[in-house]
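A.B. asks: Before I ask anything, here is the structure I am working with.
The values are calculated or read from the model by the stated rules, or taken from the named source; none is laboratory data. Note that the coordinates shown come from a computational prediction; the quantities given were computed from them, not determined experimentally. No Cβ is skipped: glycine too gets one built from the backbone with ideal geometry, and neighbour counts run over all protein chains shown. The area values use the complete protein model at the heavy-atom level, side chains included, leaving out ligands, DNA and RNA. Shrake-Rupley method; radii C 1.70, N 1.55, O 1.52, S 1.80 Å.
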Amino acid sequence: MHIPFNKPYMTGKELWYISQAHASGHLAGDGQFTKKCSAWLERRIGCQRALLTHSCTAALEMAAILADFQPGDEVIMPSYTFVSTANAFVLRGAVPVFVDIRADTLNIDETRIEEAITPRTRAIVPVHYAGVSCEMDAIMEIARRHDLLVIEDAAQGIMSSYKGRPLGSIGHMAALSFHETKNIISGEGGALLINSPRFAERAEIIREKGTNRSLFFRGQVDKYTWVDTGSSYLPGEILAAFLWAQMEEADAITKRRLDLWGNYHQWLANLEKAEMVRRPIIPRECVHNAHMYYVLLPGLAQRTAFIEQLKAKEISAVFHYIPLHSSPRGQAIGRFSGSMLNTDKAGDCLVRLPMWLGLEESQSDVIQTILKLLD
Ligand SMILES: *Cc1c(COP(=O)(O)O)cnc(C)c1O
C-alpha cells in the first residue's frame, strides 16, 4: 500500500460546523466562526490581535503593507524558506537579503544578521523551520539596536514555543498558515498576528479593502469609507467553520504528531550513530510541534538515491526548498550576505519523511524500510 508524504487530517466536525455557518446565513467573513478562531489564537498565542486571512502568504503581504515598505528597502531573511517569505515584500518593491542558516536548527543564523544590515534595512523575517523556534532573544535584540521590525514567518510554528513564549507572540507581527500541509488546517488559510498595538487598527483596514468597515460594524464610526491602501484578505465563514473544528482538537493533534516524531527519532538514532543520517536538533529552549520529521543525508547523490529507493517501496519522502538565493527570481532581485554553506547543504541533503495523523498504522513499515535501505 502506498504511503503518502502528507494526508490532511479531519477531526470529523468540519462539515457540521460548515452546515452551521450555512444555516446562519452569514457566509462572508468576520462572523461567529471567524470570531471564535481569532479569540482562540489570541488566547493560546497571547498575541494582541489575530486576524484570519486566506493564507500565510496573504498575512505576510499584509505585514509588508503595514510596515510601509518602500521600493529599495531591504528585508533580511533566510534563503532556506518558501517563496512567500520573500514575495510578500518583493511585491512592495523591497529587496530580500538572504542570510545563511544555522547548521543545527536550519533556522536563520542570528550571528550573521548584523553584517547584512545596511542603511536600507527595515525588517528581519525569521522563519521557524519545522516548527522549531529561531533564536528570538538575539534577533529581537538586534532589531531593537538597529530599529528594525521583526515579522515572524510562523507558517509552520503553531503550538510551538521559545522559552515558554508561543511562536507568533514574540515579533512585532507574525504570520501563520493553515494550508493542508500544515498541522492545523483549513485547506488554504492563515492568520496575521499583531503584537504591536500601533499596527492593530490599520491591519483591519488593510484586510477590509482599505475601508474602516470593521470600526463601523463595532459602532466606532458612523459610516464606512475608503481610508487607506488595502485589499481583500478576509476569508469567509465556511473556511473559518472548518478551521474551528481543527482548533478545538489542536492539543490532541499536536500530541499525536509528537508521538510520531518521537518514534522516528528513537528508531533512527542508530543511523545517526553510524553517521548515515543527521536527525533534527531541538534546542533546549524550544518546544516544537512536530510539524516535520526530516533527516539529512551525506550528499545530493545519496539523497536522490534514497528518495528513489523509498519510492520503489511505495513510500513518498520529499526534499524541501531550492534555496531562494539560487532560484531564478531570487538571483534576479535578491542579494545574499556572506557564505550560504549551510543553506546549500540543507537544499541538497534534506529529506522529509511521511508525517500525518493516521500514519501510526504504517509508521513501523516506513522505519523498517529506512533501516534496511541505509544499514
Ligand atoms: C507554508 C508556508 C508558507 C505559505 O503558507 P500559505 O498559507 O500556503 O500561503 C510561507 N512560509 C513558510 C515557511 C511555509 O512553510
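A.B. asks: Since ASN87 meets every condition but one in (1) outside any loop (DSSP other than H, G, I, E, B); (2) of a type outside the set (A, V, I, L, M); (3) buried (at least 21 other Cβ atoms within 10 Å of the Cβ), which condition does it not meet?
C.D. replies: Here ASN87 meets the rest and fails (3).
A.B. asks: Here's a follow-up. Across the stretch 9-29, what is the total count of residues that are open to solvent by 50 Å² or more (accessible area, probe 1.4 Å) and in a loop (DSSP other than H, G, I, E, B)?
C.D. replies: 8
A.B. asks: Can you go through ARG92, ARG112 and tell me which one is among the basic types (Lys, Arg) and out of contact with any helix residue (DSSP H, G or I) (no Cβ under 8 Å at 6 or more places or on another chain)?
C.D. replies: Testing whether each residue is among the basic types (Lys, Arg) and out of contact with any helix residue (DSSP H, G or I) (no Cβ under 8 Å at 6 or more places or on another chain) leaves just ARG112.
A.B. asks: Please count how many residues of the stretch 343-360 are open to solvent by 70 Å² or more (accessible area, probe 1.4 Å) and either under 16 Å from ILE253 (Cα atoms) or of a type outside the set (D, E, K, R) (or both).
C.D. replies: 1
A.B. asks: Can you tell me which residue among LEU51, LEU41 is open to solvent by less than 70 Å² (accessible area, probe 1.4 Å) and under 23 Å from ALA123 (Cα atoms)?
C.D. replies: LEU51
A.B. asks: Which of the residues that make up the stretch 152-196 are of a type in the set (Phe, Trp, Tyr) and within 10 Å of the ligand (Cβ to nearest atom)?
C.D. replies: The answer is PHE178, and nothing else.
A.B. asks: Residue by residue through the stretch 50-78, note down the ones that are within 12 Å of the ligand (Cβ to nearest atom) and either modelled with pLDDT under 95 or in a loop (DSSP other than H, G, I, E, B) (or both).
C.D. replies: Matches in the stretch 50-78: HIS54, SER55.
A.B. asks: Right, another one. Could you figure out which of (1) assigned to a helix (DSSP H, G or I); (2) in contact (Cβ under 8 Å) with a residue 60 or more places away in the chain; (3) more than 16 Å from the ligand (Cβ to nearest atom) isn't true of CYS47?
C.D. replies: The failed condition is (1).
A.B. asks: Could you pull out every one of the helices (runs of 4 or more DSSP H) wholly within the stretch 135-227 that has 3 or more residues that are surrounded by fewer than 19 Cβ atoms within 10 Å (Cβ to Cβ) and without any contact (Cβ under 8 Å) to a residue 24 or more places away in the chain?
C.D. replies: Filter on the stretch 135-227 gives 136-146.
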